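Here is the structure we will look at.
The values are calculated or read from the model by the stated rules, or taken from the named source; none is laboratory data. Treat the numbers as computed from the prediction; the structure is a model and nothing was measured. Cβ placement follows ideal geometry from the backbone for every residue including glycine, while neighbour counts extend to all protein chains displayed.
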Amino acid sequence: MSIEIRQITKTFDQFSALTDVSFTVPQGELTALLGPSGSGKTTLLRIIAGLEVPDAGAVLFDGQEATMRSASERKVGFVFQHYALFRHMTVFENVAFGLRVKPKPARPSEAAIAAKVHELLGLVQLDRMAERLPSQLSGGQRQRVALARALAVQPKILLLDEPFGALDAKVRQELRRWLRRLHDEIGITSVFVTHDQEEALEVADRVVVLNEGRVEQVGTPGEVYEHPASPFVYKFLGNVNLFHGRVEGNKVHLGEFTLDLPAGTPAPAVPPVAYARPHLLDIDHQPTTRPQFRATIQRINTAGSVVKVEVVGPSGAVVHVELSQERYRALALRKGAEVYVSIKDLATFTAQNMLGGGI
Amino acid sequence: MSAERLPLTEPPFVRRLLIGVTLAYLGLFLLVPLAAVFAKALERGLALYWASVTDPAAVAAIRLTLVTAAIAVPLNTIFGLAAAWAIAKFDFRGKQILLTLIDLPFSVSPVISGMIFVLLFGAQGLLGPWLAAHDVHILFAVPGIILATLFVTVPFVARELIPVMEAQGSEDEEAALTLGAGGWQMFRRVTLPNVTWGLLYGVILCTARATGEFGAVSVVSGHIRGRTNTVPLHVEILYNEYQFSAAFAVASLLCLLALVTLAAKSVAERKRTLAVEPRSAP
Amino acid sequence: MTPRILPGFRLTLGYTVLYLSLIVLIPLSTIILKTATLSWSQFLSVVASPRALAAYRLSLGASLAAALINVVFGTVVAWTLARYDFPGRRLMDGLVDLPFALPTAVAGIAMTTLYAPNGWLGRYAAFLGIKVAYTSLGIVVVLAFIGLPFVVRTLQPVLQNLDAAMEEAAAALGADRWQTVRRVILPELSPALLTGFALAFARALGEYGSVIFIAGNLPMKTEITPLLIMIKLEQFDYAGATAIALVFLVVSFGLLLGINLLQRRVGIGRLEEGLN
């Protein structure tokens with residue numbers, strides 16, 4: 001089932017949680033609602049589920065109006081941030097709940113229910129825990145029970161509210177990959193809410209970036225990361241260096257860099273601001289032909305897949321550079337060394353920098 | 001340098017003093033009166049004890065107390081559930097007023113609680129003439145006693161349920177709704193089991209008050225022996241007639257009930273605290 | 001109007017309001033209605049009569065004394081139960097609620113028998129020349145019994161939830177134990193103490209069943225306000241009884257309001273009230 005969100009607006013007392021939010025979730029895709037706290041993403045998810053009613057706008061499932069349908073009518077599977085497992089029921093009873101409360105005519109026999117429950121518990125790899133109580137399970141296990149419970153009634157849509165928010169980093173990573181594999185196996189249209197951009201970029205087919213109740217950008221993880229539509233998106237996804245600039249004649253000074261302005265570029269109305277991801281910068285011991293500045297290495301962190309280097313420029317500004325492990329070894333950098341920091345790929349840099357200055 | 005122990009607790013003699021004072025105070029105020037009741041009850045021997053407790057007037061009083069509780073407690077339990085549901089799960093204007101209204105019977109003296117029913121149903125009362133014309137007896141009869149008891153015990157279940165339901169939030173109910181449960185199914189299968197111990201705690205308090213109420217019932221009862229006396233009133237009558245041993249014998253029944261109440265209360269309280277534990281993952 | 005997500009709002013709110021109106025509001029309104037039948041001077045003559053004034057003085061005085069006793073000893077008991085372990089602690093902790101669970105009439109006759117001149121405790125008092133039963137002293141004793149749980153149960157959760165780190169910090173900064181208790185712990189307790197005091201005071205004011213046995217009930221001397229109301233009722237002086245009841249209610253409601261405001265300001269959750 002596809003979902004269309006059309007101009008949803010929601011206000012709580014004086015606080016605007018969502019303003020004119022519109023986008024679509026195609027059938028079968030795993031979409032992430034990504035944004036900081038207060039961006040309205042959980043409110044939006046609850047509106048899709050029918051747990052909140054919007055002040056304006058519409059929610060359509062497969063093109064049909066669903067905005068006024070109650071939560072129980074929408075056939076939506078919802079996984080809560082803190083799982084909301086029924087604490088007095090065993091794992092089995094929790095998963096069986098949705099099947100047992102169906103109206104008599106539609107209700108499967110106990111045997112059929114048991115078979116379905118065990119099938120689902122097998123799917124989430126918790127078959128041996130069927131008789132345990134939620135209090136006897138770890139956070140990750142509870143999360144999987146919540147998922148199985150939501151899937152038991154064969155919903156058309158699966159909604160997850162910060163599913164891994166309450167878990168340890170390692171468990172979070174494992175479960176995140178496991179969720180992706182599960183989604184690929186079942187193929188159900190899914191939407192999940194997260195504030196963790198790494199999670200969204202790693203798991204989702206499509207990312208909706210929200211900020212203060214508005215949609216900043218909708219796109220694939222690659223699109224939002226490499227072609228951010230606004231400064232907010234740029235800053236929110238991944239690390240970033242910020243360069244304040246000023247224009248002088250036919251050159252523009254951005255931080256410590258000096259770039260040539262193409263002929264005929266009008267002077268910008270506001271002082272330009274540029275963003276550069278750490279991996280777009282490079283370090284050399286000798287000057288290069290690219291825009292560069294001299295800097296001193298302040299800190300080197302080699303733990304991880306890339307090497308993170310902090311340098312200090314002449315004005316005292318700190319710039320972050322990321323190098324591959326090979327490059328780092330080739331350079332044999334030391335703390336305190338004097339180096340040249342340059343822009344690796346000018347095209348990408350300028351392409352990503354139409355913000356603020358319109359260079 | 002030697003590690004000095006921080007003074008994190010009182011010196012031993014202070015501790016012993018405080019414990020001593022506590023034991024003495026509680027012993028004096030709680031244990032001694034309890035012992036006195038049972039001692040006085042059995043002063044004249046077991047035969048008299050038994051006779052006092054099985055005397056027809058006493059039995060009638062016991063029956064009336066039980067009937068009153070059997071009616072008042074369930075009615076106020078249903079009220080408590082309804083009120084707690086409305087207050088804990090929804091936002092609306094006037095919630096604070098509603099809470100204050102529910103608390104009202106707590107702040108009204110028992111005598112006044114009885115008096116208002118006399119003003120309402122008495123011969124000179126608002127509805128007096130109408131009742132007399134239809135030969136309906138509320139005052140000085142069982143219905144009046146039930147109404148007065150109902151008034152006095154209104155807050156008990158609600159006041160215990162509201163904080164429990166508020167602390168548990170609405171997520172479980174929302175989960176049940178997304179799974180397709182209807183309203184009553186959700187209430188029966190999810191809400192009620194979650195509040196069981198809080199509910200029991202409230203019911204225990206409500207029952208204790210309903211069976212022991214004296215002032216309010218005294219005003220509306222008419223003290224007609226064998227007909228409109230509850231057990232506490234019967235105790236009063238016996239005492240005022242100087243039948244001390246009999247009075248204490250019947251009073252000892254109430255004491256036993258109170259002790260059972262206390263025991264049940266501790267159990268329910270402990271389990272209730274467990275049911276409201278915050279839901280973070282381990 | 002935004003539809004609500006959870007079902008049953010109108011049903012439960014409607015039932016709640018209906019029930020409260022029938023059982024609580026309408027009966028209570030009779031007080032206003034009845035008092036309205038009195039002229040202002042009639043009202044005053046009843047409410048300010050010497051007998052009524054004596055009853056107010058006694059009720060207020062005895063309740064205040066009893067509540068203060070409960071504050072002092074209640075603090076000791078709550079502290080000991082919350083912080084120390086000793087044989088019989090669990091039993092004592094459970095028993096603290098006895099005055100709340102025990103019917104007032106039983107408490108009344110038990111205390112009277114105990115403190116009568118020839119009673120188990122009264123005989124020692126008589127030895128010292130003190131008369132307890134049938135005097136206002138007896139009333140204070142009984143009211144102290146009734147109010148015992150209020151201070152203890154209000155303090156206990158606060159004591160249990162006290163952050164031990166605070167005491168450790170104070171000790172690490174060089175405070176001795178008494179200083180820590182006085183400057184760090186007691187101030188944390190004072191809101192709860194105030195609430196417990198107010199609750200015990202309010203309860204004592206309205207107490208009837210246990211007091212009438214020990215009081216002696218002499219007008220102008222040992223007659224509490226609820227008894228005065230009762231007597232007027234028995235004499236069919238409904239208007240007089242109502243007038244005094246109204247004054248009494250105004251004072252009680254004032255107290256209730258004060259308690260609620262206090263609780264709101266201090267943020268003591270209702271779950272932690274223990275009793276009431």
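Couple of notes before you dig in:
- Qualifying residue in segment B:19-40 (condition: more than 11 Å from chain C (Cβ to nearest Cβ) and either farther than 30 Å from B:S245 by Cβ or within 30 Å of the chain's Cα centre (by Cα) (or both)): no
- Test: residue in segment B:128-151 that is in the same structural domain as B:A57 (by TED's automatic domain parsing), part of a loop (DSSP other than H, G, I, E, B) and under 24 Å from C:A101 (Cβ atoms): no
- Selection within segment C:182-233: residues that are more than 27 Å from C:D97 (Cα to Cα) and among the basic types (K, R). The member of this set that is farthest from the other protein chains (Cβ to nearest Cβ) is C:K221.
- Residue in segment B:54-67 that is under 16 Å from B:A148 (Cα atoms) and surrounded by fewer than 20 Cβ atoms within 10 Å (Cβ to Cβ) present: yes
- Residues that are within 22 Å of the chain's Cα centre (by Cα), modelled with pLDDT of 85 or more and more than 22 Å from C:L262 (Cβ to Cβ) number at least 3 in the following helices (runs of 4 or more DSSP H) confined to segment C:168-249: C:211-215, C:225-234.
- So A:P272, is it at pLDDT below 80 and exposed (fewer than 13 other Cβ atoms within 10 Å of the Cβ): no
- Residue match in segment A:123-145 (condition: at the interface with chain B (Cβ under 10 Å from one of its Cβ atoms), surrounded by fewer than 16 Cβ atoms within 10 Å (Cβ to Cβ), touching a residue at least 40 places away in the same chain (Cβ under 8 Å) and not aliphatic (A, V, I, L, M)): yes
- Index of the failed condition, C:G8 passing every other in (1) more than 9 Å from every other protein chain (Cβ to nearest Cβ); (2) under 23 Å from B:E171 (Cα atoms): (1)
- Across segment B:102-120, the number of residues qualifying as part of a helix (DSSP H, G or I) and over 10 Å from B:V154 (Cα atoms) comes to 12.
- Some residue of segment B:152-160 being β-branched (V, I, T), in a loop (DSSP other than H, G, I, E, B), more than 10 Å from chain C (Cβ to nearest Cβ) and in contact with a helix residue (DSSP H, G or I) (Cβ under 7 Å, 6 or more places away or on another chain): no
- Segment C:132-165 - residue that is in a helix (DSSP H, G or I) and either free of Cβ contacts under 8 Å to residues at least 40 places away in the same chain or among the acidic types (D, E) (or both) and, of those, surrounded by the most Cβ atoms within 10 Å (Cβ to Cβ): C:L137
- Any helices (runs of 4 or more DSSP H) falling wholly within segment C:43-126 and containing at least 3 residues that are among the hydrophobic types (A, V, I, L, M, F, W, C) and without any contact (Cβ under 8 Å) to a residue 40 or more places away in the chain: C:50-83, C:89-95, C:104-115
- Looking across segment A:49-84 at every residue that is among the β-branched types (V, I, T) and within 11 Å of chain B (Cβ to nearest Cβ), the one that is nearest to A:H195 (Cα to Cα) is identified as A:V79.
- Note on segment A:70-108: among residues that are farther than 21 Å from A:L18 by Cα and among the hydroxyl-bearing types (S, T, Y), the one that is surrounded by the most Cβ atoms within 10 Å (Cβ to Cβ) is A:Y83.
- Candidates are the residues of segment A:225-264 that are of a type in the set (S, T, Y) and part of a helix (DSSP H, G or I); the one that is surrounded by the fewest Cβ atoms within 10 Å (Cβ to Cβ) is A:Y225.
- Single unsatisfied condition, A:T67 versus (1) crowded, with 18+ Cβ neighbours inside 10 Å; (2) in a loop (DSSP other than H, G, I, E, B); (3) in contact with a strand residue (DSSP E or B) (Cβ under 7 Å, 6 or more places away or on another chain): (1)
- Flag if C:R177 is at the interface with chain B (Cβ under 8 Å from one of its Cβ atoms) and among the basic types (K, R): yes
- Within segment A:190-224, the residues that satisfy the criterion of being assigned to a loop (DSSP other than H, G, I, E, B) and more than 30 Å from A:Q14 (Cα to Cα) are A:A204, A:D205, A:T220.
- At least 1 residues being within 20 Å of B:G180 (Cα to Cα) and either out of contact with any Cys (no Cβ under 9 Å at 6 or more places or on another chain) or outside the structural domain of A:K75 (by TED's automatic domain parsing) (or both) is the threshold, and among the strands (runs of 3 or more DSSP E) wholly inside segment A:1-64 those reaching it are A:3-12, A:56-61.
- When segment B:202-260 is limited to residues that are of a type in the set (D, E) and facing chain C (nearest Cβ under 9 Å), the one that is surrounded by the most Cβ atoms within 10 Å (Cβ to Cβ) turns out to be B:E213.
- Residue count, segment A:285-300 (criterion: of a type outside the set (A, V, I, L, M, F, W, C), over 9 Å from A:V311 (Cβ atoms) and in contact (Cβ under 8 Å) with a residue 12 or more places away in the chain): 8
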